[in-house]
Amino acid sequence: MQDVLNIRNYFPGLSQKVHGKPLVYFDNAATTHRLQSVIDAYSDLIISSNGNVHRSPHYLGQMATKSFENTRDKVQEFIHAKHRHEIIFTRGTTEAINLVAFSYGETFINEGDEIIVSEMEHHSNIVPWQMMCERKGAILKVIPFDDEGNLLLDEYDSLLTERTKLVAVTAISNVLGTINPIEKIIEKAHRKGAHVLIDGAQAIVHKKINIQEINCDFFAFSAHKMYGPTGVGVLYGKEDLLEQMQPYQGGGEMISEVTFKETTYGNLPTKFEAGTPDFTSVASFSKAIDFINSIDLSACISHENKLLRYAEEKLKNIEGIMFYGTSANKASLLSFTIEGMHPFDTATLIDKLGFAIRTGRMCADPIMDHYGVQSMMRISFAPYNTFEEIDQFYVALLRIREMFS
Ligand code: PMP
(Lines give C-alpha, C1' and ligand atoms only; values in the text may rest on other atoms or scores of the structure.)
Protein backbone atom coordinates (compact mmCIF):
# COMPACT_ATOMS: atom_id res chain seq x y z
CA MET A 1 0.00 0.00 0.00
CA GLN A 2 0.97 3.63 -0.18
CA ASP A 3 3.21 4.55 2.68
CA VAL A 4 1.19 5.29 5.85
CA LEU A 5 3.11 8.49 6.44
CA ASN A 6 2.36 9.54 2.89
CA ILE A 7 -1.37 8.89 3.42
CA ARG A 8 -1.34 10.97 6.59
CA ASN A 9 -0.28 13.99 4.54
CA TYR A 10 -3.68 14.02 2.83
CA PHE A 11 -5.43 14.65 6.17
CA PRO A 12 -4.57 18.04 7.69
CA GLY A 13 -6.47 17.29 10.90
CA LEU A 14 -4.05 14.54 11.88
CA SER A 15 -1.05 16.79 12.41
CA GLN A 16 -2.66 19.03 15.02
CA LYS A 17 -2.06 19.05 18.74
CA VAL A 18 -4.83 18.73 21.33
CA HIS A 19 -4.23 19.81 24.92
CA GLY A 20 -0.67 20.55 23.76
CA LYS A 21 -0.11 16.90 22.74
CA PRO A 22 0.13 15.42 19.24
CA LEU A 23 -3.27 14.03 18.28
CA VAL A 24 -3.69 10.27 18.07
CA TYR A 25 -7.02 9.75 16.36
CA PHE A 26 -8.60 6.38 17.17
CA ASP A 27 -12.26 7.30 16.66
CA ASN A 28 -12.61 6.54 12.97
CA ALA A 29 -15.75 4.43 13.34
CA ALA A 30 -17.52 7.53 14.67
CA THR A 31 -16.16 9.77 11.94
CA THR A 32 -12.95 9.73 9.91
CA HIS A 33 -10.77 12.74 9.31
CA ARG A 34 -11.45 14.87 6.24
CA LEU A 35 -9.25 14.91 3.21
CA GLN A 36 -7.52 18.15 2.23
CA SER A 37 -8.97 17.66 -1.26
CA VAL A 38 -12.52 17.59 0.19
CA ILE A 39 -11.86 20.74 2.21
CA ASP A 40 -10.35 22.50 -0.83
CA ALA A 41 -13.22 21.44 -3.08
CA TYR A 42 -15.76 22.66 -0.53
CA SER A 43 -14.18 26.09 -0.14
CA ASP A 44 -13.82 26.45 -3.90
CA LEU A 45 -17.37 25.26 -4.74
CA ILE A 46 -19.04 27.40 -2.12
CA ILE A 47 -17.81 30.39 -4.09
CA SER A 48 -17.58 29.19 -7.67
CA SER A 49 -20.75 27.09 -7.72
CA ASN A 50 -22.99 28.94 -5.31
CA GLY A 51 -26.35 28.69 -6.99
CA ASN A 52 -29.27 26.48 -6.03
CA VAL A 53 -29.21 23.07 -7.72
CA HIS A 54 -31.82 22.10 -10.34
CA ARG A 55 -33.50 25.50 -10.05
CA SER A 56 -31.27 28.44 -10.78
CA PRO A 57 -30.79 29.00 -14.53
CA HIS A 58 -27.71 31.19 -14.08
CA TYR A 59 -24.09 30.14 -14.42
CA LEU A 60 -23.48 29.48 -10.73
CA GLY A 61 -26.64 27.39 -10.49
CA GLN A 62 -25.61 25.37 -13.54
CA MET A 63 -22.18 24.75 -12.08
CA ALA A 64 -23.73 23.63 -8.79
CA THR A 65 -26.12 21.24 -10.57
CA LYS A 66 -23.30 19.83 -12.66
CA SER A 67 -21.02 19.06 -9.70
CA PHE A 68 -23.95 17.70 -7.66
CA GLU A 69 -25.07 15.35 -10.43
CA ASN A 70 -21.49 14.35 -11.26
CA THR A 71 -21.21 13.13 -7.69
CA ARG A 72 -24.32 11.01 -8.20
CA ASP A 73 -22.59 9.40 -11.20
CA LYS A 74 -19.48 8.84 -9.13
CA VAL A 75 -21.44 7.18 -6.30
CA GLN A 76 -23.26 4.99 -8.81
CA GLU A 77 -19.96 3.84 -10.24
CA PHE A 78 -18.37 3.45 -6.80
CA ILE A 79 -20.98 1.00 -5.51
CA HIS A 80 -21.74 -0.44 -8.97
CA ALA A 81 -25.44 0.45 -8.97
CA LYS A 82 -27.34 -0.28 -12.16
CA HIS A 83 -28.92 3.17 -12.51
CA ARG A 84 -27.87 6.66 -11.43
CA HIS A 85 -31.41 7.42 -10.27
CA GLU A 86 -31.11 4.63 -7.69
CA ILE A 87 -28.78 6.95 -5.75
CA ILE A 88 -30.62 9.27 -3.34
CA PHE A 89 -28.70 11.91 -1.40
CA THR A 90 -29.66 12.22 2.26
CA ARG A 91 -28.11 13.80 5.35
CA GLY A 92 -26.57 10.51 6.43
CA THR A 93 -27.16 6.83 7.08
CA THR A 94 -29.74 7.68 9.73
CA GLU A 95 -31.85 9.72 7.35
CA ALA A 96 -31.49 7.09 4.63
CA ILE A 97 -32.84 4.37 6.93
CA ASN A 98 -35.64 6.64 8.18
CA LEU A 99 -36.57 7.34 4.58
CA VAL A 100 -36.98 3.62 3.85
CA ALA A 101 -38.75 2.91 7.15
CA PHE A 102 -41.29 5.62 6.36
CA SER A 103 -41.71 5.32 2.60
CA TYR A 104 -41.44 1.54 2.31
CA GLY A 105 -43.61 1.25 5.41
CA GLU A 106 -46.36 3.46 4.00
CA THR A 107 -46.37 1.58 0.72
CA PHE A 108 -45.82 -2.05 1.61
CA ILE A 109 -46.44 -2.73 5.31
CA ASN A 110 -49.76 -3.88 6.71
CA GLU A 111 -50.89 -4.89 10.16
CA GLY A 112 -49.28 -8.14 11.30
CA ASP A 113 -46.38 -7.95 8.82
CA GLU A 114 -42.94 -8.68 10.18
CA ILE A 115 -39.62 -6.82 10.10
CA ILE A 116 -36.38 -8.45 11.19
CA VAL A 117 -33.37 -6.59 12.59
CA SER A 118 -30.41 -7.94 14.54
CA GLU A 119 -29.38 -7.56 18.15
CA MET A 120 -26.19 -5.79 17.08
CA GLU A 121 -27.77 -2.88 15.21
CA HIS A 122 -26.94 0.78 15.75
CA HIS A 123 -29.97 2.65 17.16
CA SER A 124 -30.48 4.19 13.74
CA ASN A 125 -31.27 0.73 12.38
CA ILE A 126 -33.64 -0.10 15.25
CA VAL A 127 -35.65 2.97 16.19
CA PRO A 128 -36.99 3.85 12.70
CA TRP A 129 -38.34 0.28 12.41
CA GLN A 130 -39.90 0.45 15.86
CA MET A 131 -41.60 3.69 14.86
CA MET A 132 -42.80 2.14 11.63
CA CYS A 133 -44.08 -1.00 13.40
CA GLU A 134 -45.99 1.15 15.85
CA ARG A 135 -47.52 3.19 13.05
CA LYS A 136 -48.50 0.21 10.93
CA GLY A 137 -49.21 -2.46 13.58
CA ALA A 138 -46.30 -4.55 12.33
CA ILE A 139 -44.05 -6.84 14.41
CA LEU A 140 -40.31 -6.39 14.99
CA LYS A 141 -38.23 -9.54 15.40
CA VAL A 142 -34.57 -9.74 16.42
CA ILE A 143 -31.73 -12.05 15.28
CA PRO A 144 -29.57 -12.69 18.36
CA PHE A 145 -25.76 -12.96 18.39
CA ASP A 146 -23.46 -15.22 20.41
CA ASP A 147 -20.90 -13.93 22.91
CA GLU A 148 -18.20 -13.76 20.24
CA GLY A 149 -20.41 -11.42 18.25
CA ASN A 150 -21.58 -13.75 15.48
CA LEU A 151 -25.19 -13.61 14.35
CA LEU A 152 -27.07 -16.85 15.01
CA LEU A 153 -28.14 -17.75 11.51
CA ASP A 154 -30.16 -20.79 12.59
CA GLU A 155 -32.27 -18.46 14.71
CA TYR A 156 -32.58 -16.18 11.69
CA ASP A 157 -33.94 -19.10 9.66
CA SER A 158 -36.67 -19.66 12.21
CA LEU A 159 -37.56 -15.95 12.37
CA LEU A 160 -38.15 -15.73 8.61
CA THR A 161 -41.79 -16.42 7.80
CA GLU A 162 -44.26 -15.80 5.01
CA ARG A 163 -45.11 -12.53 6.78
CA THR A 164 -41.53 -11.19 6.77
CA LYS A 165 -41.53 -8.10 4.60
CA LEU A 166 -38.10 -6.66 5.27
CA VAL A 167 -34.81 -7.59 6.93
CA ALA A 168 -32.55 -4.73 8.07
CA VAL A 169 -29.03 -5.62 9.19
CA THR A 170 -25.66 -3.99 9.42
CA ALA A 171 -22.82 -5.19 7.22
CA ILE A 172 -20.30 -4.44 9.99
CA SER A 173 -21.10 -3.82 13.67
CA ASN A 174 -19.89 -0.46 14.99
CA VAL A 175 -19.27 -2.02 18.43
CA LEU A 176 -18.26 -5.64 17.82
CA GLY A 177 -16.57 -5.14 14.47
CA THR A 178 -18.22 -8.33 13.19
CA ILE A 179 -18.37 -8.54 9.41
CA ASN A 180 -21.76 -10.13 8.90
CA PRO A 181 -22.43 -12.66 6.12
CA ILE A 182 -24.80 -10.29 4.36
CA GLU A 183 -24.86 -12.22 1.09
CA LYS A 184 -26.22 -15.27 2.94
CA ILE A 185 -28.69 -13.15 4.92
CA ILE A 186 -29.96 -11.51 1.73
CA GLU A 187 -30.30 -14.77 -0.15
CA LYS A 188 -32.33 -16.37 2.65
CA ALA A 189 -34.62 -13.32 2.87
CA HIS A 190 -35.16 -13.23 -0.87
CA ARG A 191 -36.06 -16.90 -0.90
CA LYS A 192 -38.90 -16.01 1.47
CA GLY A 193 -39.90 -13.05 -0.67
CA ALA A 194 -38.64 -10.42 1.81
CA HIS A 195 -36.62 -7.32 0.95
CA VAL A 196 -33.33 -6.42 2.61
CA LEU A 197 -31.79 -3.15 3.77
CA ILE A 198 -28.09 -3.17 4.55
CA ASP A 199 -26.67 -0.57 6.93
CA GLY A 200 -23.36 0.09 5.24
CA ALA A 201 -22.18 2.91 7.52
CA GLN A 202 -19.13 0.98 8.74
CA ALA A 203 -18.65 -1.27 5.74
CA ILE A 204 -18.26 1.42 3.13
CA VAL A 205 -14.54 1.94 3.90
CA HIS A 206 -13.75 -1.56 5.08
CA LYS A 207 -15.16 -3.58 2.23
CA LYS A 208 -15.39 -3.32 -1.54
CA ILE A 209 -19.06 -2.82 -2.26
CA ASN A 210 -20.67 -4.13 -5.42
CA ILE A 211 -24.39 -3.56 -4.94
CA GLN A 212 -25.42 -5.72 -7.87
CA GLU A 213 -23.37 -8.66 -6.61
CA ILE A 214 -24.60 -8.24 -3.03
CA ASN A 215 -28.10 -7.93 -4.49
CA CYS A 216 -29.57 -6.06 -1.50
CA ASP A 217 -32.68 -3.94 -2.03
CA PHE A 218 -31.46 -0.93 -0.04
CA PHE A 219 -28.01 0.17 1.13
CA ALA A 220 -27.29 3.18 3.34
CA PHE A 221 -24.02 4.96 4.18
CA SER A 222 -22.54 8.30 5.30
CA ALA A 223 -19.84 10.40 3.61
CA HIS A 224 -18.28 11.49 6.90
CA LYS A 225 -17.16 7.94 7.65
CA MET A 226 -15.25 7.77 4.36
CA TYR A 227 -13.06 10.91 4.65
CA GLY A 228 -15.79 13.05 3.10
CA PRO A 229 -17.93 15.91 4.37
CA THR A 230 -20.45 15.83 7.18
CA GLY A 231 -24.16 16.18 6.40
CA VAL A 232 -24.15 13.88 3.36
CA GLY A 233 -25.45 10.35 3.12
CA VAL A 234 -26.53 7.99 0.41
CA LEU A 235 -29.49 5.72 0.06
CA TYR A 236 -29.24 3.17 -2.71
CA GLY A 237 -32.54 1.52 -3.56
CA LYS A 238 -33.60 -0.79 -6.35
CA GLU A 239 -35.43 1.13 -9.04
CA ASP A 240 -38.67 -0.86 -8.97
CA LEU A 241 -39.04 -0.46 -5.20
CA LEU A 242 -38.18 3.24 -5.16
CA GLU A 243 -40.63 3.80 -8.01
CA GLN A 244 -43.46 2.29 -5.98
CA MET A 245 -42.61 3.92 -2.65
CA GLN A 246 -44.35 7.00 -1.25
CA PRO A 247 -42.19 10.14 -1.02
CA TYR A 248 -40.57 10.73 2.37
CA GLN A 249 -40.89 14.51 2.55
CA GLY A 250 -42.88 16.99 0.52
CA GLY A 251 -41.50 20.25 -0.81
CA GLY A 252 -39.71 21.94 -3.66
CA GLU A 253 -38.22 19.99 -6.57
CA MET A 254 -39.77 16.63 -5.64
CA ILE A 255 -42.99 17.35 -7.52
CA SER A 256 -44.22 17.17 -11.06
CA GLU A 257 -47.18 19.51 -10.61
CA VAL A 258 -48.88 21.13 -7.62
CA THR A 259 -52.46 22.33 -7.38
CA PHE A 260 -54.62 22.59 -4.27
CA LYS A 261 -56.67 19.75 -5.65
CA GLU A 262 -53.88 17.35 -6.40
CA THR A 263 -50.10 17.12 -6.43
CA THR A 264 -48.14 14.73 -8.59
CA TYR A 265 -44.60 13.70 -7.77
CA GLY A 266 -41.41 13.90 -9.78
CA ASN A 267 -39.34 11.04 -11.08
CA LEU A 268 -36.46 9.34 -9.33
CA PRO A 269 -34.27 10.47 -7.70
CA THR A 270 -35.82 13.89 -7.09
CA LYS A 271 -39.02 12.36 -5.68
CA PHE A 272 -36.95 11.63 -2.56
CA GLU A 273 -34.88 14.82 -2.48
CA ALA A 274 -37.29 17.52 -1.31
CA GLY A 275 -35.88 20.95 -0.58
CA THR A 276 -32.42 22.39 -1.09
CA PRO A 277 -29.82 19.68 -0.40
CA ASP A 278 -26.39 20.41 1.06
CA PHE A 279 -25.19 20.62 -2.52
CA THR A 280 -21.74 22.03 -1.77
CA SER A 281 -20.96 19.17 0.60
CA VAL A 282 -22.38 16.60 -1.82
CA ALA A 283 -20.17 17.97 -4.60
CA SER A 284 -17.06 17.93 -2.37
CA PHE A 285 -17.85 14.30 -1.47
CA SER A 286 -16.76 13.31 -4.96
CA LYS A 287 -13.16 14.05 -3.91
CA ALA A 288 -13.42 11.44 -1.14
CA ILE A 289 -14.55 8.87 -3.70
CA ASP A 290 -11.67 9.88 -5.99
CA PHE A 291 -9.28 9.31 -3.10
CA ILE A 292 -10.66 5.87 -2.23
CA ASN A 293 -10.53 4.91 -5.90
CA SER A 294 -6.90 6.02 -6.05
CA ILE A 295 -5.63 3.94 -3.13
CA ASP A 296 -5.13 0.22 -2.90
CA LEU A 297 -8.14 -0.62 -0.73
CA SER A 298 -7.08 -4.24 -0.14
CA ALA A 299 -3.68 -3.07 1.11
CA CYS A 300 -5.40 -0.53 3.39
CA ILE A 301 -7.69 -3.19 4.82
CA SER A 302 -4.72 -5.47 5.34
CA HIS A 303 -2.84 -2.67 7.17
CA GLU A 304 -5.90 -2.00 9.35
CA ASN A 305 -6.17 -5.71 10.18
CA LYS A 306 -2.52 -5.77 11.22
CA LEU A 307 -3.18 -2.76 13.46
CA LEU A 308 -6.11 -4.60 15.00
CA ARG A 309 -4.11 -7.76 15.74
CA TYR A 310 -1.23 -5.67 17.10
CA ALA A 311 -3.56 -3.70 19.39
CA GLU A 312 -5.21 -6.90 20.65
CA GLU A 313 -1.83 -8.48 21.42
CA LYS A 314 -0.63 -5.37 23.22
CA LEU A 315 -3.77 -4.54 25.18
CA LYS A 316 -4.45 -8.07 26.35
CA ASN A 317 -1.49 -7.64 28.72
CA ILE A 318 -3.54 -5.16 30.73
CA GLU A 319 -4.94 -6.83 33.80
CA GLY A 320 -8.73 -6.92 33.89
CA ILE A 321 -9.21 -6.06 30.20
CA MET A 322 -12.20 -7.61 28.49
CA PHE A 323 -12.74 -7.47 24.72
CA TYR A 324 -16.22 -7.47 23.17
CA GLY A 325 -16.55 -8.88 19.68
CA THR A 326 -14.03 -11.63 19.03
CA SER A 327 -15.42 -12.99 15.78
CA ALA A 328 -12.85 -14.41 13.39
CA ASN A 329 -14.40 -12.21 10.74
CA LYS A 330 -13.85 -8.76 12.15
CA ALA A 331 -13.12 -5.23 10.99
CA SER A 332 -10.50 -2.96 12.55
CA LEU A 333 -12.10 -1.78 15.75
CA LEU A 334 -11.70 -2.92 19.31
CA SER A 335 -14.26 -2.44 22.08
CA PHE A 336 -13.22 -3.18 25.65
CA THR A 337 -13.62 -2.52 29.34
CA ILE A 338 -10.90 -2.63 32.00
CA GLU A 339 -11.79 -3.67 35.52
CA GLY A 340 -11.52 -0.74 37.90
CA MET A 341 -11.32 1.87 35.11
CA HIS A 342 -14.55 3.65 34.32
CA PRO A 343 -14.79 4.07 30.50
CA PHE A 344 -15.87 7.70 30.62
CA ASP A 345 -13.23 8.73 33.16
CA THR A 346 -10.58 6.85 31.21
CA ALA A 347 -11.58 8.46 27.91
CA THR A 348 -11.58 11.91 29.52
CA LEU A 349 -8.13 11.43 31.04
CA ILE A 350 -6.67 9.91 27.91
CA ASP A 351 -8.07 12.78 25.86
CA LYS A 352 -5.86 15.10 27.93
CA LEU A 353 -2.90 13.07 26.66
CA GLY A 354 -3.96 13.60 23.04
CA PHE A 355 -5.87 10.37 22.33
CA ALA A 356 -9.31 10.53 20.71
CA ILE A 357 -11.29 7.39 21.53
CA ARG A 358 -14.98 6.60 21.78
CA THR A 359 -16.68 5.74 25.02
CA GLY A 360 -20.24 5.16 26.21
CA ARG A 361 -23.03 2.98 24.90
CA MET A 362 -22.11 3.65 21.26
CA CYS A 363 -25.72 4.02 20.11
CA ALA A 364 -26.16 0.30 20.66
CA ASP A 365 -27.96 -0.27 23.98
CA PRO A 366 -28.94 -3.88 23.14
CA ILE A 367 -25.23 -4.79 22.77
CA MET A 368 -24.47 -3.28 26.20
CA ASP A 369 -27.40 -5.27 27.62
CA HIS A 370 -26.18 -8.47 25.96
CA TYR A 371 -22.91 -8.27 27.89
CA GLY A 372 -24.45 -6.68 31.00
CA VAL A 373 -22.21 -3.60 30.89
CA GLN A 374 -23.10 0.06 31.23
CA SER A 375 -20.55 1.31 28.71
CA MET A 376 -17.38 0.42 26.83
CA MET A 377 -14.33 2.05 25.31
CA ARG A 378 -13.60 1.68 21.61
CA ILE A 379 -10.59 2.32 19.43
CA SER A 380 -11.15 2.16 15.68
CA PHE A 381 -8.53 2.38 12.96
CA ALA A 382 -8.11 3.96 9.54
CA PRO A 383 -5.29 3.40 7.04
CA TYR A 384 -3.48 6.48 8.39
CA ASN A 385 -3.04 5.00 11.88
CA THR A 386 0.34 3.57 12.89
CA PHE A 387 1.76 0.87 15.16
CA GLU A 388 3.62 3.58 17.08
CA GLU A 389 0.29 5.20 17.96
CA ILE A 390 -0.86 1.89 19.44
CA ASP A 391 2.36 1.65 21.48
CA GLN A 392 1.75 5.18 22.77
CA PHE A 393 -1.87 4.36 23.57
CA TYR A 394 -0.83 1.30 25.54
CA VAL A 395 1.64 3.31 27.62
CA ALA A 396 -0.98 6.03 28.20
CA LEU A 397 -3.54 3.45 29.36
CA LEU A 398 -1.05 2.00 31.83
CA ARG A 399 -0.33 5.49 33.12
CA ILE A 400 -4.02 6.14 33.68
CA ARG A 401 -4.43 2.77 35.30
CA GLU A 402 -1.82 3.78 37.87
CA MET A 403 -3.79 6.95 38.56
CA PHE A 404 -6.90 4.85 39.23
CA SER A 405 -5.17 2.46 41.63
N1 PMP B 1 -25.10 2.56 11.49
C2 PMP B 1 -23.88 2.29 11.94
C3 PMP B 1 -23.40 0.87 11.94
C4 PMP B 1 -23.05 3.32 12.39
O5 PMP B 1 -21.84 3.05 12.84
C6 PMP B 1 -23.54 4.66 12.36
C7 PMP B 1 -22.69 5.81 12.85
N8 PMP B 1 -22.04 5.56 14.05
C9 PMP B 1 -24.82 4.88 11.85
C10 PMP B 1 -25.58 3.82 11.43
C11 PMP B 1 -25.42 6.25 11.77
O12 PMP B 1 -24.69 7.04 10.89
P13 PMP B 1 -24.97 8.62 10.81
O14 PMP B 1 -24.86 9.12 12.22
O15 PMP B 1 -23.87 9.12 9.92
O16 PMP B 1 -26.32 8.82 10.25
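The values are calculated or read from the model by the stated rules, or taken from the named source; none is laboratory data. No experiment lies behind these values; they were computed from the predicted model shown. So basically every Cβ, Gly included, is an ideal-geometry build from the backbone, and we count neighbours across all protein chains shown. Please note that ligands, DNA and RNA were not included when accessible areas were found on the heavy atoms of the full protein model with its side chains. Shrake-Rupley method; radii C 1.70, N 1.55, O 1.52, S 1.80 Å.
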Given R₀ = 25 Å, FRET efficiency for Glu134-Asn267 by Cβ-Cβ distance, to 0.05? 0.20
Over the chain, what percent of the accessible surface lies on carbon and sulfur atoms, probe 1.4 Å? 50 percent
Among the lysines, which fall within straight-line cross-link reach of Lys66, defined as a Cα-Cα distance under 25 Å, with same-chain neighbours fewer than 8 residues apart omitted? Lys74, Lys82, Lys225, Lys238, Lys271, Lys287
For the chain, what does the helix formula give at 222 nm: sum of -39500 (n - 2.57) over DSSP H segments with n ≥ 4, over the residue count, nearest 500 deg cm²/dmol? -12500 deg cm²/dmol
When only C-alpha pairs under 8 Å and at least 6 residues apart count, what is the relative contact order of segment 76-159, in percent? 25 percent
Note down the net charge around Thr107, summing +1 for each Lys or Arg and -1 for each Asp or Glu among other residues with Cβ under 14 Å from its Cβ. 0
Going 7 Å from the Cα of Asp365 along its beta-carbon direction, which residues of segment 93-122 have the amide nitrogen within less than 17 Å of the resulting point? 117-122
Please work out the Cα convex hull volume for segment 47-146 and give it in Å³ per residue. 151 Å³
On a 0 to 90° scale, report how tilted helix 59-79 is relative to the longest principal axis of the chain, with both axes built from alpha carbons and the result rounded to the nearest 10. 60 degrees
For Gly340, net neighbour charge (Lys/Arg +1, Asp/Glu -1) across residues whose Cβ lies under 12 Å away: -3
Return the distance in nm (one decimal) between the two label points of a simple spin-label model at Glu339 and Ala30, each offset 7 Å from Cα along Cα→Cβ. 2.8 nm
If you put +1 on each Lys and Arg Cβ and -1 on each Asp and Glu Cβ, how big is the dipole of segment 236-327 around its Cα centre, in Debye rounded to 20? 340 debye
Cα axis of helix 343-352 to longest principal axis of the chain: angle in degrees, 0 to 90, nearest 10? 80 degrees
Restricting to Cα pairs under 8 Å and 6 or more apart, the percent relative contact order of segment 114-210 works out to 29 percent
In Å², what does the accessible area per residue of segment 80-234 work out to with a 1.4 Å probe? 35 Å²
Among the chymotrypsin sites (Phe, Trp or Tyr not before Pro) in segment 259-322, which ones are in a DSSP loop with at most 16 other Cβ atoms within 10 Å of the Cβ? Mind listing them? Phe260
With every protein chain left in place and a probe of 1.4 Å, what is the accessible surface of His224, to the nearest 10 Å²? 40 Å²
What whole-number volume per residue, in cubic angstrom, does the convex hull of the C-alpha atoms of segment 156-277 give? 133 Å³
By what distance, in whole Å, do the Cα atoms of the chain stretch along each of the three principal axes, largest value first? 72, 55, 34
Ranking request for peptides 377-385, 359-367: highest mean number of other beta-carbon atoms within 10 Å first, then the rest in descending order. 377-385, 359-367
Computed ³J(HN,Hα) along segment 240-248: with the Karplus parameters 6.51/-1.76/1.60, θ = phi - 60°, integer Hz and x for glycine or proline, the list is 5, 6, 4, 4, 7, 6, 4, x, 8
I need the calculated FRET efficiency for the pair Val4 and Asp44, taking r as the beta carbon distance and R₀ as 22 Å, to the nearest 0.05. 0.20
Loop-resident GluC sites (Glu not before Pro) in segment 281-326 with no more than 12 other Cβ atoms inside 10 Å, DSSP not H/G/I/E/B, are Glu319
Percent antiparallel among DSSP beta bridges confined to the chain, rounded to 5, stands at 60 percent
Is the shape of segment 330-396 rounded, prolate or oblate, going by the alpha carbon gyration tensor and its root eigenvalues a ≥ b ≥ c, with a/c under 1.5 for rounded and a/b larger than b/c for prolate? oblate
Could you give the size of the charge dipole of the chain about its Cα centre, using +1 on the Cβ of each K and R and -1 on the Cβ of each D and E, expressed in debye and rounded to the nearest 20? 800 debye
Taking the Cα atoms only, what angle lies between the long axis of helix 387-404 and the longest principal axis of the chain, rounded to 10 degrees? 70 degrees
Computed label-point distance, nm, for sites Lys21 and Lys208 using a 7 Å Cα→Cβ extension: 3.9 nm
